[in-house]
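The next block holds one structure in the form of structure tokens; read it before the comments.
Coordinate-derived values only; no laboratory data. Fair warning: this is a prediction, and the values are worked out from it, not measured in the lab. Glycine also receives a Cβ, built like all others from the backbone with ideal geometry; neighbour counts cover every protein chain displayed.
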Amino acid sequence: MARIDAPALAQDIHRHRPALVGFLASLVRADTTNPPGDTRRAVELAAARFRAVGVDHQILADDPKKPNLLLRLGSGRPELLFNTHLDTVPFGDRAAWRHDPLGAEIEGGHLYGRGAGDPKGCVAAMVAAVETLARLQVDLRGSLLLTLVSDEEVGGAKGTAMLVQRGLLRPDQVIVGEMTDNRIAIAEKGVLWVRLVTRGRTAHGSTPWKGVNAVRSMVRVLSALDAEIGARLATQSHPLTPPPSLSVGTISGGIATNVVPDRCEATIDRRTLPHEHPQEALAEIDRVIARLREEDPHLDVTVEPVQTGPPVETSPEAPLVREAQAVAAALGLDPTPVGYQQASDGRFFSARGIDTMLFGPGAAELAHSPDEYIDLDAVTTAAAFYAQVAVRLLAPG
């Protein structure tokens with residue numbers, strides 16, 4: 001094994017840049033939209049690259065169509081984990097795309113396609129970093145783990161959540177590959193999804209007073225939540241993340257225009273600041289509903305949490321962050337910590353007290369959008385960042 005300096009790592013990555021770009025293009029051409037979330041082809045592509053440099057890996061899956069790749073370089077503690085996901089969101093309206101979502105077309109130094117940025121640019125960069133460390137036989141004090149997971153876009157139950165809950169991942173530090181514009185993100189909001197159902201009694205549309213309108217009840221509930229919780233959230237802030245939010249995501253009710261609806265269902269997306277907890281947010285919703293029931297004992301409404309995810313907040317003084325800042329500065333990147341706009345698999349580690357940060361090429365606002373793209377220079381820089389952070393944290397003293 002060898003001691004390798006940062007310039008040698010960067011030189012090796014740049015020397016193999018054509019292979020990195022080709023790998024990223026192959027990943028984008030592999031349709032991993034979730035649902036249905038079939039990531040087998042993407043896992044095969046990554047596994048082939050690791051076999052080529054002699055790196056052993058495991059494939060772990062609850063669902064055969066949603067495999068997760070796990071590998072380890074080195075042995076023992078400390079353990080640094082690189083984690084990112086292979087599944088992507090659906091294309092949406094194809095007419096809105098100027099480039100083929102699965103075409104991996106390159107134009108002006110950008111590679112276009114669904115998942116090019118979210119997060120296959122991160123996948124390609126992390127894989128390239130591991131390849132470089134293996135190729136150069138870098139000596140590590142401890143272990144570098146990499147997980148390429150399925151199912152992140154729909155909650156992570158068959159991906160990171162499964163690996164963590166079964167005790168297969170117990171790292172000391174985590175870098176999650178997501179689109180941060182190659183900035184060090186140390187905070188993200190928590191997430192709470194809630195399903196509300198109001199129930200009433202049908203009647204003919206010409207005599208609505210003979211029924212109980214479930215849609216009208218839902219409007220009342222949603223209006224109260226917005227007026228009471230939404231107004232409070234408008235006064236809240238965090239120095240790194242976007243403001244907290246309460247958003248109605250879906251609503252449906254009724255069977256015909258001339259029938260008083262007896263059922264209405266809505267879903268709410270509530271994002272919490274790092275100092276809040278999703279359970280506290282749920283309790284606040286319950287309190288508003290309880291007050292409405294006191295005012296109208298006939299109000300029939302149920303509240304069901306659908307998905308919860310704790311926030312992420314890592315101290316800027318953590319060794320993980322400090323070393324990442326040193327690498328970022330050396331690469332000419334802005335080392336100032338920022339917050340992440342969306343939610344990530346980082347929550348599964350942060351909730352267990354593990355120092356967690358996010359880093360990856362691409363601007364977050366491009367995620368899930370038509371003509372999603374990634375800057376290829378940024379992917380190459382991210383690969384150098386990942387490799388150098390691993391060496392700084394795991395190189396023998």
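Summary of values
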item: Per DSSP, loop trypsin sites (Lys or Arg not before Pro) in the stretch 95-202 with at most 14 further Cβ within 10 Å; result: 98, 141, 166
item: Extension gain from residue 251 to residue 77, taking 0.36 nm per residue of separation minus the Cα-Cα distance; result: 57.7 nm
item: Between the stretch 6-21 and the stretch 332-377, the alpha-carbon center distance in angstrom; result: 22
item: Label point at residue 107 placed 7 Å out along Cα→Cβ; residues across the stretch 344-370 whose backbone nitrogen lies under 12 Å; result: none
item: Most to least packed among 65-72, 286-293 [average Cβ atoms within 10 Å]; result: 65-72, 286-293
item: Sequence-separation-based contact order of the stretch 190-309, relative, with Cα cut under 8 Å and 6+ spacing, percent; result: 43
item: Amide H within-cut-off set for residue 183, under 5 Å, with H built and near neighbours excluded; result: 360
item: Residues whose placed amide H lies under 5 Å from that of residue 254, excluding near-sequence neighbours; result: 262, 263
item: Hypothetical label at residue 351: residues of the stretch 181-196 whose amide nitrogen lies under 16 Å (7 Å Cα-Cβ projection); result: 188-194
item: Rounded if a/c under 1.5, otherwise prolate or oblate - the stretch 124-176, Cα gyration tensor axes; result: oblate
item: Ordering of 336-347, 314-325 by burial proxy (mean other Cβ atoms within 10 Å per residue, highest first); result: 336-347, 314-325
item: Long-range amide H partners of residue 99 with built H, under 5 Å; result: 371
item: Whole-number D in µm² s⁻¹ for the stretch 250-304, Kirkwood Cα-pair radius fed into Stokes-Einstein, 10 °C, 1.306 mPa s; result: 118
item: DSSP-defined beta bridges in the chain - what % are antiparallel, rounded to 5; result: 70
item: The stretch 301-362, relative contact order [Cα under 8 Å, separation at least 6], %; result: 44
item: Choice from 184, 255, 268 showing the highest fluctuation, given a GNM over the chain with Cα pairs closer than 10 Å; result: 255
item: Antiparallel DSSP beta bridges within the stretch 34-153, percent to nearest 5; result: 65
item: Length released on extending from residue 283 to residue 206, taking residue separation times 0.36 nm less the Cα-Cα span; result: 23.8 nm
item: Trypsin sites (Lys or Arg not before Pro) lying in DSSP loop within the stretch 1-36, provided at most 14 other Cβ fall within 10 Å; result: 3
item: Average Cα contact separation per residue, the chain, under 8 Å, 6 or more apart, as relative contact order %; result: 25
item: Vicinal HN-Hα couplings computed from phi for the stretch 309-315 (Karplus, 6.51 cos²θ - 1.76 cosθ + 1.60; Hz; Gly/Pro x); result: x, x, x, 10, 8, 10, 4
item: Of every Cα-Cα pair in the chain, the percent that sits beyond 39 Å; result: 24
item: Integer Hz, Karplus 6.51/-1.76/1.60 couplings in order for the stretch 247-260, x for Gly and Pro; result: 10, 7, x, 9, 8, 8, x, x, 10, 6, 4, 9, 10, 5
item: Acute angle (nearest 10 degrees) that the helix 17-29 long axis makes with the longest principal axis of the chain, alpha-carbon atoms; result: 30
item: Residues residue 93 and residue 6, FRET efficiency given R0 of 56 Å [Cβ-Cβ distance, rounded to 0.05]; result: 0.80
item: Karplus 3J(HN,Hα) series, Hz, for the stretch 208-215 with 6.51 cos²θ - 1.76 cosθ + 1.60 (x for Gly, Pro); result: x, 5, 7, x, 10, 7, 5, 5
item: Debye-sum result for the stretch 190-309 in log10 I(q)/I(0), which assumes one identical scatterer on each alpha carbon, at q = 0.19, 0.20, 0.23 Å⁻¹; result: -0.97, -1.05, -1.27
